[in-house]
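Working notes, structure below.
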Amino acid sequence: MDLAKVVFGRNSDGMARTTAALAGVTAIAILGAGAPAHAAAHTHSLTHDEQIVFQDWSTYKDWRGGTHQGTVAIPGVRTGITMLKPAGTIDYADPHTGTTKTWKYATWTSPVRQVGFDASELVASWNAETPAGTWIQIEMQGTYNTGTQTPWYVMGRWASGDQDIKRTSVNRQGDPWSTIWTDTFSIDDVANGVMLSGYQLRLTLYRAPDQWRSPRVWMLGAMSSYVPDRFTVTPSAGGIAWGRELAVPSYSQNIHTGHYPEYDGGGEAWCSPTSTEMVIEYWGRKPSEEDTSWVDPTYPDHTVNHAARMVYDYQYDGAGNWPFNTAYAATFPGLDGFVTRLHSLDDVERFIKAGIPVITSQSFLASELDGANYGTAGHLFVVVGFTSNGDVVVNDPASSSNDAVRNVYKRSQFEQIWLRTKRINASGGVSGGSGGIAYIIKPWWKPMPHGV
């Protein structure tokens with residue numbers, strides 16, 4: 001068993017890796033200590049002590065900036081960046097195949113972004129197209145509040161397929177102050193006072209020497225956050241989307257038990273790709289019959305098997321790599337995806353009101369979530385709506401059949417198990433919680449909800 005999965009509390013279902021304090025997040029906004037989290041329509045204001053920001057590069061102006069070495073910005077409505085002229089060649093020894101191949105490459109390095117506060121965590125996200133014979137690497141270099149810098153950390157080596165390289169994280173990179181845990185940059189000990197104040201991202205595009213097509217990347221971003229340790233959170237007000245439920249398809253991971261154990265042990269561990277596939281298909285997209293032709297024809301729901309394979313992280317040995325899931329979703333026409341954190345169920349309600357389902361990551365004992373009838377060190381749901389009294393309607397992939405996927409969980413219980421960063425585990429010890437992790441997957445043209 002991978003020690004990182006044990007010590008840092010993330011299992012193959014995609015739970016948080018660290019017991020360090022995690023934060024709630026609002027995309028494209030900074031919220032400091034005591035900042036109001038609710039829209040004016042609420043009858044009272046709830047304050048939060050977390051600080052977070054999601055920042056991205058996604059416009060033509062963004063891509064024109066930064067430092068180019070063989071890359072070029074693409075004009076137009078659906079802008080992005082691609083390789084213009086290779087900056088050179090490099091040999092890459094794939095640690096998961098033992099094969100060394102030569103690749104042409106070009107790089108784009110972002111300007112330094114200031115976080116706006118002292119952050120303890122960062123998770124990168126990207127949306128890209130990688131034709132056959134191409135792949136990309138995402139790196140991050142942080143600046144501490146002391147003025148010193150981290151090494152360049154690899155945040156992911158990724159391709160939409162798995163024939164050219166095996167997509168992979170690079171676990172346990174580190175320096176005296178921080179460590180990369182699968183897909184997350186984490187300050188080792190916030191008590192030391194050395195925190196993340198800024199960062200830049202570097203994108204490297206690779207293509208085979210005989211390949212004329214290149215990767216295209218249209219979004220590169222990162223969520224930075226800090227929140228003090230918390231076992232409980234103050235309940236949110238609600239009332240924004242009560243009585244609204246979205247028609248998200250229902251898929252059970254459990255009916256895939258034993259399928260393709262080479263991908264995270266089989267379907268019993270596929271909560272993340274199963275949830276991701278549900279949302280992709282809610283938006284009217286799905287893998288084609290040709291895409292899924294490799295799946296045993298006797299298996300149900302071939303698209304779930306396909307999703308598990310296409311998000312699989314060969315280093316993590318699991319299908320729960322957060323940005324690999326959202327990047328997979330963005331390979332479908334018109335969809336964007338990113339990883340963030342949200343402050344409360346009020347934020348989730350705003351997404352539901354806007355017609356956007358939200359995938360959430362949580363951990364709990366069976367006694368902490370009435371009706372679940374199981375406990376987990378890490379699991380993902382799709383929030384699809386709210387009852388008339390504010391309870392949470394989820395598509396829970398850990399169900400016995402597709403027909404049993406829809407579940408209703410008490411609002412007060414759900415909010416605690418999702419937003420907390422510390423919890424008492426089944427052994428009576430302390431484990432980490434996701435701190436409000438969420439996948440947002442939506443059409444690129446659909447705006448973020450007001451107030452989020």
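For (1) closer than 16 Å to Lys442 by Cα; (2) touching a residue at least 24 places away in the same chain (Cβ under 8 Å), each residue gets a yes or a no:
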position: Val279; (1), (2): yes, yes
position: Tyr282; (1), (2): yes, yes
position: Arg285; (1), (2): yes, yes
position: Trp294; (1), (2): no, no
position: Pro300; (1), (2): no, yes
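Restrict the check to the range 151-162 and report whether at least one residue is in contact with a strand residue (DSSP E or B) (Cβ under 7 Å, 6 or more places away or on another chain), charged (D, E, K, R) and either over 20 Å from Tyr312 (Cα atoms) or at pLDDT below 95 (or both). Within the range 151-162, not a single residue is in contact with a strand residue (DSSP E or B) (Cβ under 7 Å, 6 or more places away or on another chain), charged (D, E, K, R) and either over 20 Å from Tyr312 (Cα atoms) or at pLDDT below 95 (or both). For the residues Tyr409, Tyr439, the requirement of being of a type in the set (Ser, Thr, Tyr) and either on the phi > 0 side of the Ramachandran plot or within 17 Å of the chain's Cα centre (by Cα) (or both) singles out Tyr439. One residue stands out among those in the range 213-231 that are more than 18 Å from the chain's Cα centre (by Cα) and at pLDDT 95 or above: the one that is farthest from Met83 (Cα to Cα), which is Phe231. Taking Ala124 as the residue in question, decide whether it is under 27 Å from Tyr314 (Cα atoms) and among the aliphatic types (A, V, I, L, M). So Ala124 fits the description; yes. In the range 108-152, how many are more than 21 Å from the chain's Cα centre (by Cα) and either buried (at least 24 other Cβ atoms within 10 Å of the Cβ) or aliphatic (A, V, I, L, M) (or both)? So the count comes out to 4. Is it the case that Glu368 is of a type outside the set (Gly, Ala, Ser), under 25 Å from Trp242 (Cα atoms) and buried (at least 24 other Cβ atoms within 10 Å of the Cβ)? No. A count restricted to the range 214-229 and to residues that are surrounded by fewer than 21 Cβ atoms within 10 Å (Cβ to Cβ) and in a loop (DSSP other than H, G, I, E, B) stands at 2.
Could you check the range 324-342 and list, in sequence order, the residues that are crowded, with 20+ Cβ neighbours inside 10 Å, of a type in the set (Phe, Trp, Tyr) and either assigned to a helix (DSSP H, G or I) or over 12 Å from the mean Cα position of the chain (by Cα) (or both)? Of everything in the range 324-342, those that are crowded, with 20+ Cβ neighbours inside 10 Å, of a type in the set (Phe, Trp, Tyr) and either assigned to a helix (DSSP H, G or I) or over 12 Å from the mean Cα position of the chain (by Cα) (or both) turn out to be Phe324, Tyr328. When the range 72-92 is filtered for residues that are small (Gly, Ala, Ser) and free of Cβ contacts under 8 Å to residues at least 60 places away in the same chain, the ones remaining, listed by number, are Ala73, Gly76, Ala87, Gly88. Condition check for Arg244 on (1) under 25 Å from Phe386 (Cβ atoms); (2) buried (at least 24 other Cβ atoms within 10 Å of the Cβ): one failure, at (2). For the range 248-261, does any single residue satisfy the condition of being in contact with a Phe, Trp or Tyr (Cβ under 9 Å, 6 or more places away or on another chain), surrounded by fewer than 17 Cβ atoms within 10 Å (Cβ to Cβ) and among the aliphatic types (A, V, I, L, M)? Scanning the range 248-261, I find no residue that is in contact with a Phe, Trp or Tyr (Cβ under 9 Å, 6 or more places away or on another chain), surrounded by fewer than 17 Cβ atoms within 10 Å (Cβ to Cβ) and among the aliphatic types (A, V, I, L, M), so the answer is no.
Contact map, the range 51-71: residues that are in contact (Cβ under 8 Å) with a residue 12 or more places away in the chain paired with residues that are in a helix (DSSP H, G or I), Cβ distance under 7 Å, separation 6+ or inter-chain. Pairs shown: Trp57/Trp63.
Among the residues that make up the range 251-260, is at least one of them part of a loop (DSSP other than H, G, I, E, B), more than 26 Å from Thr130 (Cβ to Cβ) and in contact (Cβ under 8 Å) with a residue 12 or more places away in the chain? Walk me through it before giving the result.
So the first thing to find is which residues in the range 251-260 are part of a loop (DSSP other than H, G, I, E, B), and the list is 251-253, 257-260.
Next cut, more than 26 Å from Thr130 (Cβ to Cβ) only: 252-253, 257-258.
Among the residues that remain, those that are also in contact (Cβ under 8 Å) with a residue 12 or more places away in the chain are: 252-253.
Checking the range 251-260: at least one residue is part of a loop (DSSP other than H, G, I, E, B), more than 26 Å from Thr130 (Cβ to Cβ) and in contact (Cβ under 8 Å) with a residue 12 or more places away in the chain.
Between Arg202, Arg167, Arg244, the distinction of being modelled with pLDDT of 95 or more, closer than 30 Å to Phe414 by Cβ and not small (Gly, Ala, Ser) belongs to Arg244 only.
For Trp212, indicate whether it is outside the structural domain of Glu268 (by TED's automatic domain parsing), without any contact (Cβ under 8 Å) to a residue 40 or more places away in the chain and on the phi < 0 side of the Ramachandran plot. Break it down into steps so the answer makes sense when it comes.
Details: outside the structural domain of Glu268 (by TED's automatic domain parsing): yes; without any contact (Cβ under 8 Å) to a residue 40 or more places away in the chain: yes; on the phi < 0 side of the Ramachandran plot: yes.
Criteria met by Trp212.
Counting only strands (runs of 3 or more DSSP E) that sit wholly inside the range 396-452, those with at least 1 residues that are touching a helix residue (DSSP H, G or I) at 6+ places or on another chain (Cβ under 7 Å) and either crowded, with 16+ Cβ neighbours inside 10 Å or outside the structural domain of Val384 (by TED's automatic domain parsing) (or both) are 437-443.
The values are calculated or read from the model by the stated rules, or taken from the named source; none is laboratory data. From a predicted model like this one, the values you see are computed outputs, not experimental measurements. All Cβ positions, even for glycine, are placed from backbone atoms using ideal geometry, and neighbour counts span all protein chains on display.
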